[in-house]
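Some notes on the structure that comes next.
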Amino acid sequence: MISLLKGRDTKPHIVYRPGGERHKSTTSDWVPTTCRMCLVGCHVLVKVENGRVVNVVGNPDSPKNRGRMCAKGKSGIMNHYNPNRVTKPLKRSNPEKGIGVDPRWQEIPWEEAIDIIAKKMKKIYVEDPRKLYLQTWGARGLIQWLGVLVPVFGTPYHQESLSGTCGKSIHSIQFLTAGGFWDEVDFEYCKYLIDVGTQQGVATREGFNHTIADCATARMERGMKLVVVDPVGNNAAAKADEWLPIRPGTDAAFGLGMLNVLLNEVKIYDADFLKHHTNAGYLVGPNWKYVRDPATRKPLLYDQSDGEIKTYDDPTLKDPGLEGEYSVQGQKAKPAFDLLKARAAEYPVERVEGITSIPAKTLRRIAREFGEAAQIGSIIRIDGVELPYRPVALNWCRGPQGHKHGWHHCWALHLVNLVLGAINVPGGYQCTRTASNWPIKSWPEAGEDGMLGYSSVKYRHHAQPFPGRPAARPTRHDLFELFPVAAHTRSVVPLVNSGDLKKWGIDHKIEMIIHTPGNQLAGGFADLESVVNFYKGVDLVVGFAIELNETHEMDDIVLPMPTYLEENLLNVPDSVAGEWVGFRQIQQQVVAMPEEMRRPSEVLTEIYDRVGILDEVYHVFNLTLGLKPPYLLEPGKRYVEEEILDREAKSLHGQDFGWEWFKEHGIMVWRRDMDERYPGRFIKARVPVYLEHFVQRREELDGVLREMRLDWDTSDYDPLPEWMPCKAFEQIQRGEIDAIGVHYKLPYTYGAQGNANPWINELCDKLPHSYGVLINTKLAQKKGIKDGDAIWLESPVKKVKGVARVTQMVHPEVVGIAGHAGHWAAGKPLSKGKGVNFNGLLPYDVDHIDLLSTANDFCAPVKVRKVEG
Amino acid sequence: MANPSETGERDPRLDGSTRSQPVRVKVVLMGELKRWAGRQELTVELPGGSTVQTLAKKLSDLCGETFAQNALTKERSIQPHVAVFIDGVQMGRLAGTQTILTGGKVELMLLPMYEGG
């Protein structure tokens, strides 16, 4: 469908719709909307007959999924017609809370539910807004309607993420090195892809449904090589040219080993990119900080063209030196790149083999192949524009970041892309949402020291790792002040709450939680007892629910919410890596909600009015949705959801392109400029290969920790990548445990909510690894375990029973647990008692949290034995 | 009011055509920023041609240490995670921190973050 737009440059385009008559039939309508069965948001067409959904197919108009959809999306029908669905407000009648405790729900009128919630919120608003805690994963509309309480109500606690790992490093590093948010691969031109702890291009991830096809095309038609580095021989490994089973928690060593081969052995790196687009040439003194010009405080570089020392922005700077030692202001200084090379040299492939278990000769070969495939110095002409051509990508995500020292795992891997200049150029690693010219002008901007300081992601502001914040004594339950370069720190909240708040200097109690169906208890944190205690300690827990999951069993009030087939939302303008069109998709109500239900936006409007904040809510919507006269929301009035969406659409796209237009067409598509598609060399800011600001942040943090008498190891604040072992690594080296439990993703399940769906459950039943525990043949033999045997997994915090799936497709020191299984909620009868709840196996303390990013360490130290009898 | 940068009109916030006269800016702080500063509103007088960056340095002096520590960088720039709206327009749609202030209202707030799944 996209090819139909080629050659056009008028904005916006109305795309071709297959079956263009779909809205005219009264008995058989195809309605365009967005799938919400995972975070990706593919566009779909929903077939409705006599008011009931009978089919869902991928929308071919969508650049996001190009007509494809996956099993999760298809199964959305069954979620919608879930017989266990909640359609009326519920109130707990059993004050006791805990795992397996029946809440004894009672149906209550809407008025009673709204009254209880509004009164509590009003009390908190007057006393201290920080007593309200919001969790919003899994419901896009509610992210907006609840998230507005951050500026309006004044609570700092808006936890959008579900998992204790996700977004902890991936978004920070995108912001840091490209100014964007997420990552893909430019499959149209890529020749060599390494997936580390992720399944990019094969299963899961952003853009799932188009990247799979693009990756397959690249593999079949152009011979793109795929190497998968993962403890588990997952779906991606099964499709790869090579699978390198890696010991969990050693990704940084793998990355540093590759860097050593590239920088010190074969000397393949993009010197021009490093000199002019990074801080590789910035001179670093003996204290690990930049050497600065005394007058301007700007960092200095050595210009090889005339032998002069100059500031980074000196217009005469031509050829910054990347190596050597210089005498500057009476001290010895080296370019940052020189220090990076020296650090990499500490990781010869033979040492890396001992850490990762990947053979030295294999690593050396892969690194050399990858470097050669990068074609340093080559250019490509696309639509008349010459761009650097770097057809390689080392993609990393969930695996490396979910560790103690997770930041360093990710940073070491990402630097492989950086030194090759392979970010946001054709063929390389693509950071999405880096730049936009239309319909919203949004580009990254330089901050301090000429470094990229302001990302292009507006309205929803991630705390960014550069320049970070000075550490301070904490005032918040998430200890945000003690993690000065972290993006978000909410994953430590139950941990802090399980101890003495006064120890941390926190002066307020969390009295109320409002959450969405993201299921924090089953899949959000770690050690279940800590998480249960957190919820038990809160006066009023309110949950929006489609079905009653494990977290809802801790609720006091449950409010029914629509399925994705009943929701309305204008998705933000979006793009796909390297794609020549941008697009905006909508989600719209396809079928009517049950009569007794009320729309969450309507319910929250009523609550906000009673709390006395509705006018402020509308004011912030005016700002954040970019509303303009005559479409501004006015104080003293009330608006229904579709009115607001109409105003949002018309404010940005003009009066002819309101909500009704989007309902009719589903998607708006426009042509993108080349600098939007491949912004890498167009950004007017440098990106780091050396994290100089970490040195200052560490000094400040050490001072605060000393005051608080906290004995934290802050060695993670190293400006260079480093491998540091996690507890489980040390335990298995000492023979204290049998295996490291790791979690991996299946392409047909999502988060902690999916398996209760009958079609997904059937898939999991028929594909036995889904609910099983992968155990390597060698370990199984040693333990006398056969395929299908019941086994015990015992971690320091939980002992669980599982079913062994004996295979060679898992590292010998690892047991692999897929998806989010092991449900115990009564409201999920289909998946109840099946599989293992992975998060429950994880220890949860400071020793198991990355002290840079607050990611939980997803290495579960386990002893394994066969269930006897 | 339509955003001039999107209608093609000349925008004084971008080209500094009103650089000579001092400007008075009403600053509104929302959410945690209000708590950190101990105040919700203040009026700031700035030299003509002042930018958001200039305003940030002024706020550093006027809004106290807690505000500066949380909302500003060590170099007294606006922290990237603080959203700035100038007369209702997000500063990223204008000239970012280099947007020239011509009076009117500047609103600063923390917004919900994208966190990942």
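Just a few scattered comments:
- Applying 1/(1 + (r/R0)^6) with r as the Cβ-Cβ distance of A:V54 and A:E325 and R0 = 60 angstrom yields a FRET efficiency of 0.25.
- Based on Cα atoms of chain A, Rg over Rh with Rh as the Kirkwood radius reads 0.95.
- Backbone amide hydrogens, once placed in the peptide plane, bring A:L746 within less than 5 Å of A:G819, excluding anything fewer than 5 places away on its chain.
- Inter-chain Cβ neighbour count for B:31-43, averaged per residue, equals 2 (cutoff 10 Å, partner chain atoms only).
- Where only C-alpha atoms are counted, convex hull volume of the range B:20-110 per residue in Å³: 79 Å³
- Under a 5 Å amide H cut-off, with hydrogens placed 1.01 Å from N, B:Q79 pairs with B:L72, B:T73 among residues at least 5 apart or on other chains.
- Taking 0.36 nm per residue of separation and subtracting the current Cα-Cα distance, fully stretching the chain between A:A342 and A:N533 would add 64.0 nm.
- Neighbour-count ranking [beta-carbon atoms within 10 angstrom, fewest first] of A:H619, A:H276, A:H665: A:H276, A:H665, A:H619
- Computed [θ] at 222 nm, helices only, for chain A once each DSSP H run of length n ≥ 4 contributes -39500 (n - 2.57): -8000 deg cm²/dmol
- Among A:V229, A:V86, the ranking by other beta carbons within 10 Å of each residue's beta carbon, starting with the fewest, stands as A:V86, A:V229.
- Cβ-derived FRET efficiency at R0 30 Å, B:V28 paired with A:K509, nearest 0.05: 0.55
- With a 10 Å cut-off around each Cβ of A:584-593, the average count of Cβ atoms from other chains is 0.
- Other protein chain Cβ atoms within 10 Å, averaged over every residue that makes up B:80-90: 6
- Base-10 log of normalised Debye intensity for the range A:685-789 (one unit scatterer per alpha-carbon) at q = 0.10, 0.13, 0.14 Å⁻¹: -0.63, -0.84, -0.87
A short reminder: the numbers here are calculations on the coordinates, not readings from a lab. Everything numeric in this text was worked out from a predicted model, so none of it was measured. Positions of Cβ are backbone-derived with ideal geometry, glycine not excepted, and every protein chain shown enters the neighbour counts.
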